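Okay, structure first, notes after.
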Amino acid sequence: DAGVTQSPTHLIKTRGQQVTLRCSPKSGHDTVSWYQQALGQGPQFIFQYYEEEERQRGNFPDRFSGHQFPNYSSELNVNALLLGDSALYLCASSLGYGYTFGSGTRLTVV
Amino acid sequence: SQKIEQNSEALNIQEGKTATLTCNYTNYSPAYLQWYRQDPGRGPVFLLLIRENEKEKRKERLKVTFDTTLKQSLFHITASQPADSATYLCALDFRDNYGQNFVFGPGTRLSVLP
């Protein structure tokens with residue numbers, strides 16, 4: 001049973017560019033949450049998707065947007081990249097209590 | 001807003017000893033609290049969940065306590081091993097009218113020395 005799959009694993013982008021990160025949830029999970037984790041810090045909640053809609057959102061600007069597809073997979077889009085967007089982006093899926101996390105996408109903005 | 005603190009950024013202990021990690025929170029009353037382990041470059045891995053009406057939960061060498069009066073959870077690893085070296089995160093559930101997500105603490109980096 002595959003867990004949460006994220007792609008790509010690593011990515012380097014230039015300031016001002018746009019990026020799309022992808023997540024396939026664990027089989028049977030219908031809720032996908034995205035987190036940003038800067039080096040040495042805990043994950044910060046970006047938003048959560050359920051039934052193809054954004055259900056909750058953390059304190060992130062509108063440059064961060066997402067989407068959930070009918071098969072529950074999800075995308076995170078970040079526009080107008082800033083140097084401060086460099087981080088590990090984590091996707092977590094759930095069905096009730098407890099999250100299953102992917103290994104993340106390491107985004108470096110130069 | 002919710003604030004979560006974990007006792008120290010890093011904790012070094014000798015192999016075989018008990019490691020005790022602390023999670024304190026303010027401005028919220030979570031229905032439950034979770035502990036995760038995170039290895040470098042990997043996503044967090046779920047370890048234990050404890051509900052607000054539970055005082056203690058155990059799983060093998062792990063023990064979690066939850067004191068809603070003190071707004072504190074303690075996470076213990078007994079008979080620690082070098083393989084237990086990792087960053088440990090506590091997470092509180094946050095609920096509003098639209099759903100539920102988890103707020104994470106900054107983590108404590110545990111090093112078990114042989």
If you add up the charges near B:Lys17, with Lys and Arg at +1 and Asp and Glu at -1, over every other residue whose beta carbon is less than 13 angstrom from its beta carbon, what do you get? -1
What distance in nm lies between label points placed 7 Å from Cα along the C-beta direction at B:Gln81 and A:Leu95? 3.1 nm
Gyration tensor (Cα only) of the protein assembly as shown to equivalent ellipsoid, semi-axes in Å sorted down, yields 29, 20, 16
Simple spin-label estimate for B:Leu70 and A:Ile12 in nanometres, 7 Å along Cα-Cβ: 4.8 nm
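Hey, if we sort B:Leu74, A:Leu95 by accessible area with the 1.4 Å probe, largest down, what's the order? Walk me through the intermediate numbers first.
Details: B:Leu74 45, A:Leu95 105 Å².
Final ranking, largest accessible area leading: A:Leu95, B:Leu74.
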Selected from B:Leu113, B:Leu89, B:Gln100, residue furthest toward positive end of dipole (chain B; charges at beta carbon): B:Leu113
Assign unit charges at the C-beta atoms only (+1 for Lys and Arg, -1 for Asp and Glu), then state the dipole size of the protein assembly as shown relative to its Cα centre in Debye, rounded to the nearest 20. 460 debye
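Which loop-located trypsin sites (Lys or Arg not before Pro) does segment A:50-94 contain, where loop means any DSSP state but H, G, I, E or B and the Cβ has at most 15 other Cβ atoms within 10 Å? Let's see the in-between values first.
Numbers: sites: A:Arg55, A:Arg57, A:Arg63; in loops: A:Arg63.
Qualifying residues, ordered by number: A:Arg63.
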Close lysine pairs (chain B; alpha-carbon distance under 21 Å; 8 or more apart or on separate chains) counted at 8
As a Kirkwood estimate from alpha-carbon pairs, chain A has a hydrodynamic radius in angstrom of 13.8 Å
Along principal axes, largest first, the alpha-carbon spread of chain B in whole Å comes out as 48, 30, 21
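Before I look further, what does chain B give for accessible area per residue, probe 1.4 Å, in whole square angstrom? Walk me through the numbers before you get to the answer.
Numbers: 5770 Å² over 114 residues.
On a per-residue basis, 51 Å².
The values are calculated or read from the model by the stated rules, or taken from the named source; none is laboratory data. Because the structure is predicted, anything quoted here is derived from the model rather than measured. Neighbour counts are summed over all protein chains in view; Cβ atoms, including those assigned to glycine, are modelled from backbone coordinates with ideal geometry. For the accessible areas, the whole protein counts, side chains as well, though only heavy atoms, and no ligand, DNA or RNA atoms are used. Shrake-Rupley method; radii C 1.70, N 1.55, O 1.52, S 1.80 Å.
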